Structure formats: C-alpha cells, structure tokens
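Every number here is computed from the coordinates shown, using simple stated rules; none is lab data. Quantities reported herein were computed from a predicted structural model and do not represent experimental measurements. Note that we place each Cβ from the backbone using ideal geometry, even for glycine, and neighbour counts take in every protein chain shown.
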Amino acid sequence: MEQPVVGLVVHPTKNVQDSVLTLQRWNASGLGRLVARRADAQRLGGIVDVIGDDDFIEQVDLVVALGGDGTMLGAMRLVAKRPVPVLGVNYGNVGFLVEIEPPELEVALERLSAGQYQLEPHHALEARLSWSGARTDYLAFNDLTIVRRPGAGQVSADLSVGGLGYGYYRADAIVAATPAGSTAYNYAAGGPVLSPALSGSVVTPVAPMAGIDRSVVLAARERYRFDIAEGTRSAALEVDGLVVGEVATGAQIDVRLRKDAGSVVRLDAERHGRTGRVKLSLLDLPVRPDQLIELIPQDLRQKLDREVED
C-alpha cells in the first residue's frame with residue numbers, strides 16, 4: 001500500500017516546534033511521508049522534505065495546519081482546487097475551526113493512520129472582482145468583507161440578487177459569510193449564526209448609516225453582486241480576514257456559494273461541536289463553570305481527575 005503524503009502548513013510566527021517534532025517522528029515510523037512548501041522551509045529548519053507549491057497541491061493526501069483558524073483557512077484555500085482533508089492543530093487563541101491541541105497530535109496521527117476519523121465538508125464563497133478592466137477571483141471559507149479605510153468615508157454599495165436590485169448599503173463594512181464563517185465577523189456585527197447544515201450565506205452591514213440595516217440570508221443557488229456605488233473613495237477587500245485588494249466607485253463583486261469546497265478532519269465531531277458552542281458563548285459571557293470544562297484539553301482533564309483521585 002502506498003504511503004500517504006501529508007503536507008505541513010505552519011503559522012508564520014508562532015513556535016510550533018513540538019508539533020513539528022511529533023510529525024517528524026510519525027514520518028520516521030514509515031506510516032507516511034511528510035512534506036512542506038518552500039515558503040515554510042526556513043521555519044522548519046531542514047527537518048522536513050520541501051517541495052514546490054504546485055507539487056504540494058498535486059501530491060498531498062492530507063494537510064496538517066499548525067496555527068489558529070487563520071492558518072487552517074489558508075491551508076484550505078491552498079488546496080481548494082483539489083480539496084484534500086485538513087487537520088488543524090490549535091496554536092491560536094480561541095480557534096473555532098481547529099479541533100485538537102498540540103499534546104493531542106500524536107494520538108490524532110495514530111487515529112488517522114487507523115482510519116478512525118470523519119470528514120466534514122465546508123462551503124466557500126467564490127467572488128469575482130471586476131474593476132478598471134481587470135478581473136480577479138477569490139475564495140473565502142469564512143467571509144468576504146468590503147471595509148472602509150480610516151479617513152476615507154463609508155462603504156456604499158448596491159446589492160442585486162439574481163440580476164434584480166435588492167437594495168443598497170451605506171456602512172462601515174459589508175460582510176458576506178458562509179455558515180462556518182457566520183460565527184466570526186458576521187456574528188460580531190450582530191448577524192445570525194447559520195447552522196453548519198445549511199447551504200447558503202448571509203450578508204450583514206457593519207454600523208449601517210442608511211439603506212439595508214440588517215442581515216440578508218441567501219440560498220445556495222442565488223448569485224448576488226455588490227456594485228460599489230458613488231461615494232466610496234477607498235475600501236479594502238478582505239478574504240477570511242486578509243486584505244487582498246482595494247475597491248472604489250465602479251467596482252463590481254459577483255458572489256456565489258461553492259458547496260463542499262473544502263474538507264476538514266474531525267476526530268470527535270460531537271466534542272468539537274460542544275466546544276465550539278461554549279467558545280461562542282464566551283463572546284457573550286457569562287458562562288457557567290460546567291461549560292468552561294469543555295475548553296480544557298482531554299489529556300489535561302484526565303490528569304486533573306487522577307490528581308483528585310490521589
């Protein structure tokens with residue numbers, strides 16, 4: 001049986017060496033082959049085989065992302081043309097998308113080798129920016145945001161759905177989010193949380209001053225467009241929290257949902273769901289003590305239980 005190729009994607013600044021060493025030991029065991037991109041070579045210190053981005057995308061059977069949600073989202077975008085499963089190891093702060101903590105990685109690799117896991121599909125927003133005769137395509141697994149630049153006034157945009165005018169926005173930002181991304185910027189702006197089982201997206205204005213002042217939920221089949229209207233001097237276009245470009249009056253952004261654009265490894269989907277709900281409730285506090293226990297990694301909980309018994 002051919003060894004699986006596991007691709008490694010690492011956070012650009014956080015110390016992830018412990019997990020890299022765990023993966024290196026797994027690689028040495030002969031259960032698979034570990035590779036990384038040239039962009040991460042310097043951080044890995046030559047202990048992992050390095051290949052080009054194109055080879056990485058074509059060869060990997062699984063990606064392990066060491067970082068927070070941002071690192072994991074970047075890994076999912078990287079392999080979106082060939083959406084292999086992605087496993088996230090949490091080196092971030094809250095981490096809604098990542099499932100396991102660094103001390104759990106060794107056991108997680110054993111379970112992966114034994115086939116003891118589930119795959120969780122994730123939708124994404126495909127967006128095409130047309131402006132000044134140029135077209136650029138983007139893919140957002142969490143959200144796509146048009147946000148004002150300080151000192152440049154508000155964002156003004158007309159929304160059309162299926163080619164029909166729907167209304168207009170004048171706000172500090174306009175957020176279009178997937179169900180998974182609905183717990184991020186959309187939620188912070190007062191938008192609804194969409195069930196992961198739902199195929200659709202939500203558009204929410206941030207600090208609206210005129211026009212549509214609440215969220216609009218759209219079905220998966222509905223294509224929609226933002227026409228950046230008069231009065232928008234300069235606004236940033238963000239994909240999953242990263243600034244990818246600039247828009248102003250005259251720009252058009254066409255958006256549609258791409259179903260099952262990514263695949264996430266889940267070792268314990270029920271536990272991850274419980275933990276995610278608790279993390280979300282932390283944003284609204286107060287949280288009951290019995291809910292906070294869900295945030296403690298399993299190995300630490302077992303250690304604490306043994307100490308209490310002793």
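In table form, for the structure just shown:
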item: Any hit, segment 119-138, residues being farther than 30 Å from residue 205 by Cβ and either in contact (Cβ under 8 Å) with a residue 60 or more places away in the chain or touching a Pro at 6+ places or on another chain (Cβ under 7 Å) (or both); result: yes
item: Helices (runs of 4 or more DSSP H) completely within segment 23-114 that count 2 or more residues being small (Gly, Ala, Ser); result: 69-78, 105-113
